[in-house]
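Written out below as structure tokens is the structure these notes cover.
Read the figures in this text as sums done on the coordinates, not as results from a lab. Remember, it's a predicted structure, so these values are computed and weren't measured experimentally. Reconstructed Cβ throughout: ideal geometry from the backbone, glycine too, with neighbour counts over all protein chains shown.
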Amino acid sequence: MTSGTKRNDPGQGGGIKQLLSKHAILIAFFALVAIMAIARPQHFLTTRNMLNILRQTAVIGIITVGMTFVLISGGIDLSVGSVLSVAGIVCAYLAAPGGPAMARTGFTERGAGMTEALAAAATFPLIVPVVASVLVGAAFGFVNGVFVAKGGIAPFIVTMGMMTITRGIALIISGGGQLPYLTDIFKMIGRGSILGIPYLGIILIVVILIAAYVLRQTCFGRHVYAVGGNETAAHTSGVRVDRVKIAVYMISGMCAGFAGMLLTSRTAVGSPQVGAGYELDAIASCVIGGVSLTGGVGNVFGSFLGVLFIAVMGNGMDMIGLTTYYQSIAKGIIIILAVLYDMKSSKASK
């Protein structure tokens, strides 16, 4: 009996340790929720606040989905925030009443030069700005992927350069100003709801489920993990590494472009100033959610949990009166700890 107990103890201890390690972010998230609920019981766990958090996380959540693909493949994308800005401005032009010609002046300020009938005829269908945002993001993602895969340039350098380029493009096509004239139906995407649930939240959940299916249930998803785990071995096994790399950057760009459309719809304005720092939030969410910066490890649900963790932390800090300065410090500390944990886990698995 005694010897049997001794043999089982290490296994039991290891099992508990492994369980805690595997679900560390989930445990930390529920602990954070419990702390915030105790600190502000009448405000934090209300339906209104929960829906507000869901609405606020939709844009960064969709960017994080794309970033998850890139990080798992062993890359990184610093351009997503600026791509979001360009896509949002393109949407603002295409979603203006009366078409792009009315985007800056608005129908009411245009005068008698255009009748309501002409304005309606010149207005693009809703599908046009939506599809355009995805295509704009895909185009920039394709360029990123080609330079990384075919040019052999480090992803950090390529996407940092693209971040600067796209920010400049956003300023040029917007004239440095905002584009505030959008159709009501376009604004409903970011502001509407069904049965009290924001459209943004529903869209985010659908995107996450699709991405999770692609990563876990398709051949392409397995190739993404293979490339991130060991690029040489993946190439030897017949995986078309270059195509996978280009594809993941296109997915990241598409997510950023789509998120830009949603943000423009929600804020009802196209602006070249939005999106700054979103790439860091997306990377932080992925790392906190268990995606390894060295590639080959992670999943979309973990990344989304990372998004929620940061959102709940920010929401709770707002409620207890802490400024964004303290939130930035806390976020930075959490990122460093998450990366340190990832490094130790990687070493332990070797």
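What 222 nm value per residue comes from the helices of the chain, counting each DSSP H run with n ≥ 4 as -39,500 (n - 2.57) and dividing by all residues, nearest 500 deg cm²/dmol?
-24500 deg cm²/dmol
Report the net charge of residues surrounding Ser285, where surrounding means a beta-carbon distance below 15 angstrom and charges are Lys +1, Arg +1, Asp -1, Glu -1.
Within the 15 Å Cβ shell, the charges total -3.
How big is the charge dipole of the chain about its Cα centre, in debye rounded to the nearest 20, if each Lys and Arg gets +1 on its Cβ and each Asp and Glu gets -1 on its Cβ?
It comes to approximately 800 debye.
By the scheme Lys and Arg +1, Asp and Glu -1, what is the net charge of all other residues having a beta-carbon under 15 Å from that of Asp318?
+4
Taking all pairs of different Cα atoms in the chain, averaging 1/r and flipping that mean, what Kirkwood radius in angstroms comes out?
21.6
Whole-Hz ³J(HN,Hα) for each residue in region 193-202, computed from phi via Karplus 6.51 cos²θ - 1.76 cosθ + 1.60 with θ = phi - 60°, x for glycine and proline: what do you get?
So the Karplus estimates, Gly and Pro as x, are 8, 9, 6, x, 8, x, 4, 4, x, 5 Hz.
How many lysine pairs does the chain hold where the Cα atoms are under 18 Å apart and the two sit 8 or more places apart or on different chains?
8
Using the Karplus curve 6.51 cos²θ - 1.76 cosθ + 1.60 with θ = phi - 60°, what ³J(HN,Hα) values do you get for each residue of region 152-159, in whole Hz, with x for Gly and Pro?
Per-residue couplings from phi come out as x, 8, 4, x, 4, 5, 4, 6 Hz.
For region 150-188, run through the trypsin sites (Lys or Arg not before Pro) and keep only the ones in DSSP coil with at most 14 other Cβ atoms within 10 Å of their Cβ.
The qualifying sites are Lys150.
What is the calculated FRET efficiency for Ala24 to Thr218, with r their C-beta to C-beta distance and R₀ = 41 Å, to the nearest 0.05?
0.90
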